[in-house]
Amino acid sequence: MSSRGLRSRQSSGVSRIRDDQITDLVSKLQLLIPQIRRGRSHKVSASKVLQETCNYIRSLNREVEDLSHRLSELLASTDIDNDQAAIIRSLLM
Amino acid sequence: MGLQRCKFSNKNMSIFERKKAIKLSADTAMASARKGLTCWSRALISNRDRPVPTTTRRASSACKKIVKRSRRIRRTAKCGAARKGQITRSIAQCLVRKRTQILKSLIPGGEFMNEVCLIEETLDYITSLRVQVDVMRSLASASARASEPHN
């Protein structure tokens, strides 16, 4: 019985350390996301931070897709004799 | 160097194929730059040739049911402030769980991580994605300048 009490005290101690770790990481995440960082010095809820993180990652992925498309069009249209275009094309393809 | 790891020799590719090749090179370069130090970069490189699985909507529909049920309880119960606080907390926990699942589907290799690891990997992944966007923007503007006709 005493060991059970000790174990539950230890696990609550471990989970408290974990919660602190998670809170600290969420606040770091909050600093990275531009939508939340703008003019907000007080604490934002964890679910809001997670939601904005997901939206931000999706928008970054969309930008990479658009830039890939733009690069593919640009590299297709330039003629092969142009030295700079040849270097860029050989880097990416 | 990471960019040159995927070399495609076919010159007559369609725009779609070329775009896929460019994105693949960019992702490989981004992941290789981490030198195997993060989970997401290792997962991205190992998943390169595998088709991307579609995400399921089961978690979000279960969460919506919980939120609807707790709203009904709030309306009909003659409860005190403590009970309402409990319901608000459970809705918040449900939202956090749902959004953690979505984040796990966005980070490469995320479904195998615990919460702490997931957020650490997310921080690194977002920084790397921003660098990727900057590099590709510079390449695009350099390409645009290179393709301008010389007078």
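Collect the residues in region B:116-134 that are at the interface with another protein chain (Cβ under 9 Å from one of its Cβ atoms) and more than 15 Å from the chain's Cα centre (by Cα), keeping them in residue-number order.
Result: B:VAL116, single match.
How many residues are open to solvent by 40 Å² or more (accessible area, probe 1.4 Å) and in contact (Cβ under 8 Å) with a residue 24 or more places away in the chain when one looks only at region B:82-101?
Qualifying residue count for the region: 5.
Considering each of B:LEU118, B:LEU123 in turn, give the residue that is at pLDDT 85 or above and either more than 22 Å from B:ASP27 (Cβ to Cβ) or surrounded by 18 or more Cβ atoms within 10 Å (Cβ to Cβ) (or both).
When all the criteria are applied, what remains is B:LEU118.
Looking only at residues that are more than 10 Å from chain A (Cβ to nearest Cβ) and assigned to a loop (DSSP other than H, G, I, E, B) in region B:98-115, which one is farthest from B:LYS35 (Cα to Cα)?
Looking at residues that are more than 10 Å from chain A (Cβ to nearest Cβ) and assigned to a loop (DSSP other than H, G, I, E, B), I get B:MET113.
For region B:135-147, how many residues meet the condition of being at the interface with chain A (Cβ under 9 Å from one of its Cβ atoms) and over 21 Å from A:LEU32 (Cα atoms)?
Final tally of qualifying residues: 8.
What's the number of the only condition in (1) at pLDDT 85 or above; (2) open to solvent by 80 Å² or more (accessible area, probe 1.4 Å) that A:ARG9 fails to meet?
(1)
Can you pull out every residue in region A:29-57 that is at pLDDT 85 or above and β-branched (Val, Ile, Thr)?
A:ILE33, A:VAL49, A:THR53, A:ILE57
The values are calculated or read from the model by the stated rules, or taken from the named source; none is laboratory data. Keep in mind it's a predicted model, so treat the numbers as computed, not measured. Ideal geometry is used to build each Cβ from the backbone, glycine not excepted, and the neighbour counts take in all protein chains shown. Remember, those area values only see protein heavy atoms, side chains included, never the ligands or the DNA or RNA. Shrake-Rupley method; radii C 1.70, N 1.55, O 1.52, S 1.80 Å.
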